[in-house]
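Structure, as structure tokens:
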Amino acid sequence: MNAPLVGIVMGSTSDWDVMQHAARSLKDFGVPYEARALSAHRTPDLLVEWIEKLVAGGAKCFIAGAGGAAHLAGVVAAKTTLPVLAVPIPSKYLKGLDSLLSMVQMPSGIPVATFAIGEAGAANAGLFAASVIALRDETVARKLDEFRQNQEKKVLAAKLPGR
Ligand code: RP5
């Protein structure tokens, strides 16, 4: 199997329902990834070990999904200068607004690129990671172009209900 070019990490296995959309985007474009549930506060040492392993193995970016006081993406970004894409997971009481603000309000110096709350954010983080890989991979770049063309065709072919 090819070494992962993208690391997908989430704070809990309960985040997978959302984060599987990031994995799906990468799978569709043939980008090798590794997905793990590792927490910034529950398994900090394992998280750092995993980041270092992926970076040493040639990973080009990370996607981090977490909910609540979501510091996971910030911790990943603290350990690598590779791009870190953050996906706010919907939370029980604040519906992911807490996750979004925790991610998007990173203090100056350690950037994370924050996406929309939930499935759309996860899918777009996957697409964005594919764009990062496409900078140096013509096959992935071509697949991204085809994806956009197909998306356009679907919009044009769709009919308004009852018309
Ligand atoms: C965060 O706490 C995780 O990212 C998850 O979104 C949230 C709840 O985790 P569980 O209690 O479901 O394991 O760390």
- request: Would you check if there is a residue in the stretch 113-125 being open to solvent by less than 50 Å² (accessible area, probe 1.4 Å), part of a helix (DSSP H, G or I), under 19 Å from residue 25 (Cα atoms) and out of contact with any Phe, Trp or Tyr (no Cβ under 7 Å at 6 or more places or on another chain)?
  value: yes
field: Residues of the stretch 61-93 classified as in contact (Cβ under 8 Å) with a residue 24 or more places away in the chain and within 12 Å of the ligand (Cβ to nearest atom), total
entry: 17
- prompt: With 76, 48, 9, 87 as the choices, which residue is buried (at least 24 other Cβ atoms within 10 Å of the Cβ) and in contact with a Lys or Arg (Cβ under 8 Å, 6 or more places away or on another chain)?
  reply: 9
query: Tell me, which strands (runs of 3 or more DSSP E) lie completely within the stretch 1-86 with 2 or more residues that are β-branched (Val, Ile, Thr) and under 13 Å from the mean Cα position of the chain (by Cα)?
result: 6-10
field: Filter result for residue 143 (surrounded by fewer than 19 Cβ atoms within 10 Å (Cβ to Cβ) and either of a type in the set (Ser, Thr, Tyr) or without any contact (Cβ under 8 Å) to a residue 24 or more places away in the chain (or both))
entry: no
query: Going through the stretch 22-49 one residue at a time, which ones are within 15 Å of the ligand (Cβ to nearest atom) and either among the hydrophobic types (A, V, I, L, M, F, W, C) or touching an Asp or Glu at 6+ places or on another chain (Cβ under 9 Å) (or both)?
result: 22, 35, 37, 38, 40, 46, 47
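The values are calculated or read from the model by the stated rules, or taken from the named source; none is laboratory data. Owing to the predicted nature of the structure, the values given are computational and were not obtained by experimental measurement. All Cβ positions, glycine included, derive from the backbone under ideal geometry; neighbour counts span all protein chains shown. For the accessible areas, the whole protein counts, side chains as well, though only heavy atoms, and no ligand, DNA or RNA atoms are used. Shrake-Rupley method; radii C 1.70, N 1.55, O 1.52, S 1.80 Å.
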